[in-house]
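Read the structure below first, then the notes.
The values are calculated or read from the model by the stated rules, or taken from the named source; none is laboratory data. Keep in mind the model is a prediction, meaning the values are calculated, not measured. Reconstructed Cβ throughout: ideal geometry from the backbone, glycine too, with neighbour counts over all protein chains shown.
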Amino acid sequence: MKFVLSTSFSSVAHLTELAPVADSHGWFAMSFSDHVVNPETLSTPYPYTKDGSRRWQPFTDWPDPWVMIGALATITKSLRFTNNVFVLPMRNPFLVAKAISTAAIVSGYRVIPAIGVGWSADEFGLMGAEFRTRGKRTDEMLEIMRLLWTGELVEYDGKHYQFSALEMNPAPAEYIPIWIGGISDPAMRRAARLGDGWVTDLQSSEEIIGCIDRISAWRGEYGRGSEPFEIMATPSDAWDIDGYKRLQDAGVTHILTMPWPFYHGDTDALDKKIDAVKRYSDDIISAFC
C-alpha cells in the first residue's frame, strides 16, 4: 500500500513547504484537485453531497496542477504527483498533452495524471467547452494524447476532433500512466477500458470494494484482466492499519488522505500540517514499508 497526500483546499503558499516533508517521510505522491474558477452560484448542484452544496469555502485556493507540479518537482527527489481529479474535457487536448508531457519530462517521470469528466456545467461554459459531450470527448482526448506522446507524425479523425499529420515534441521517453476517476457506471467503465488505474470518491470501504468488483468484471470483458491496474481510494470509514489492510486485500494500491484532521482537526496552520505529515508517516505508512 502506498500513500498519497491530498492538498485539497490548502493554501498554495504551504505546498512548497509540505512537498519536501512528504518526500522525506515515505509518502508516495502528492495530489491536486482541480477548478479553474469557482462561480458564486451554480446552476448544477455539486453531485457528491446530499444537499448539493460544495465541500469547500469560497475563495479556496485552486492552483493550476501542472504549473504546481513543475515547481514542486524541482524541490523533491522521489515524490510523485497526481490529481483528484483533473477535469480533462473542459480543456484543449493539445494543450493538456503538452503540459503533462513537459511535467513528466522535467520531473523525471514522476507524474500520474488522474482525470475525470467533471460535473460543473457552469465551469464548462466559462471555458468554452461543451458539457453534454464531455464523456465521448474524453475518450477521444485520451486517444489523442497517447498519439501525441509518441513524438511522431500522427493524425486523427474522430467525431469531435480531427486533424491532419502533425507532431508534438518533446515527447516523453517513458510511458505515462493515466488513472481515471468517477463512481458512475460510465466513469468506471472508462477506467476499465482505457485507464491504468481508477480513483474513487469519498466512499465507504464496502462501496469501494463493490466498485472494484464491478471494474474487475468489466476489465475482464475488455480483455484487460491480466494487465496491471492501480486503485487510489479515499475511504470514509477506514483510518487505521487494519482498515487499510482490508482495502489492500481487496485490490486498493494507494490511499489518498489528508492527515492533519486526524491530529489537529480543521486547520490551515502550516506547522500543524507539517507535524501531521510526519506523524502519519510514523503511525501508518511505516507499517506498510
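Restricting attention to the range 135-159, the residues that are more than 24 Å from the chain's Cα centre (by Cα) and of a type outside the set (A, V, I, L, M, F, W, C) add up to 7. Within the range 229-286, the residues that satisfy the criterion of being farther than 21 Å from P20 by Cα and polar (S, T, N, Q) are T234, S236, Q248, T253.
For (1) within 15 Å of the chain's Cα centre (by Cα); (2) farther than 30 Å from I274 by Cα; (3) not aliphatic (A, V, I, L, M), each residue gets a yes or a no:
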{"position": "V36", "(1), (2), (3)": "no, no, no"}
{"position": "T49", "(1), (2), (3)": "no, no, yes"}
{"position": "D61", "(1), (2), (3)": "no, no, yes"}
{"position": "F81", "(1), (2), (3)": "yes, no, yes"}
{"position": "N92", "(1), (2), (3)": "no, yes, yes"}
{"position": "V106", "(1), (2), (3)": "no, no, no"}
{"position": "G118", "(1), (2), (3)": "yes, yes, yes"}
{"position": "E130", "(1), (2), (3)": "no, yes, yes"}
{"position": "T133", "(1), (2), (3)": "no, yes, yes"}
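Test L42 against the criterion of being out of contact with any strand residue (DSSP E or B) (no Cβ under 7 Å at 6 or more places or on another chain) and outside any loop (DSSP other than H, G, I, E, B), and give yes or no.
No; evaluated as a whole, the condition is false for this residue.
The set of residues in the range 198-233 being surrounded by 20 or more Cβ atoms within 10 Å (Cβ to Cβ) and either at positive phi or of a type in the set (K, R) (or both) consists of R219 alone.
Only one of the numbered conditions (1) in contact (Cβ under 8 Å) with a residue 60 or more places away in the chain; (2) farther than 30 Å from P45 by Cβ; (3) surrounded by 21 or more Cβ atoms within 10 Å (Cβ to Cβ); (4) of a type in the set (A, V, I, L, M, F, W, C) is not met by L148, and that is (1). For the range 132-151, a residue qualifies if it is assigned to a helix (DSSP H, G or I), out of contact with any Asp or Glu (no Cβ under 9 Å at 6 or more places or on another chain) and not acidic (D, E), and the qualifying residues are R134, G135, K136, T138, M141, L142, I144, M145, R146. The residue pairs whose first member lies in the range 169-187 and is within 21 Å of T200 (Cβ to Cβ), whose second member is surrounded by 12 or more Cβ atoms within 10 Å (Cβ to Cβ) and of a type in the set (K, R), and whose beta carbons are closer than 7 Å, counting only pairs six or more residues apart or on different chains, are I180/R190. Summed over the range 82-96, the residues that are closer than 13 Å to W149 by Cα and surrounded by fewer than 23 Cβ atoms within 10 Å (Cβ to Cβ) give a count of 3. Taking residues in the range 72-83 that are over 20 Å from T257 (Cα atoms), and partners anywhere that are of a type in the set (D, E, K, R) and surrounded by 12 or more Cβ atoms within 10 Å (Cβ to Cβ), the pairs with Cβ atoms closer than 7 Å and at least 6 places apart or on different chains are A73/R110; K77/D23. Please enumerate the residues belonging to the range 25-56 that are in contact (Cβ under 8 Å) with a residue 40 or more places away in the chain and farther than 22 Å from G181 by Cβ. Once the filter is applied, which keeps residues that are in contact (Cβ under 8 Å) with a residue 40 or more places away in the chain and farther than 22 Å from G181 by Cβ, the range 25-56 yields H25, G26, S43. For the range 58-71, the set of residues classified as surrounded by fewer than 23 Cβ atoms within 10 Å (Cβ to Cβ), touching a residue at least 40 places away in the same chain (Cβ under 8 Å) and either more than 22 Å from A22 (Cβ to Cβ) or not hydroxyl-bearing (S, T, Y) (or both) consists of D61, P63, M68, A71, listed by residue number. Those strands (runs of 3 or more DSSP E) of the range 152-255 in which at least 2 residues are of a type outside the set (F, W, Y) and at pLDDT below 95, considering only elements entirely within it, cover 197-203.
Total residues in the range 173-192 satisfying the condition of being surrounded by fewer than 17 Cβ atoms within 10 Å (Cβ to Cβ) and within 17 Å of D213 (Cβ to Cβ): the figure is 2.
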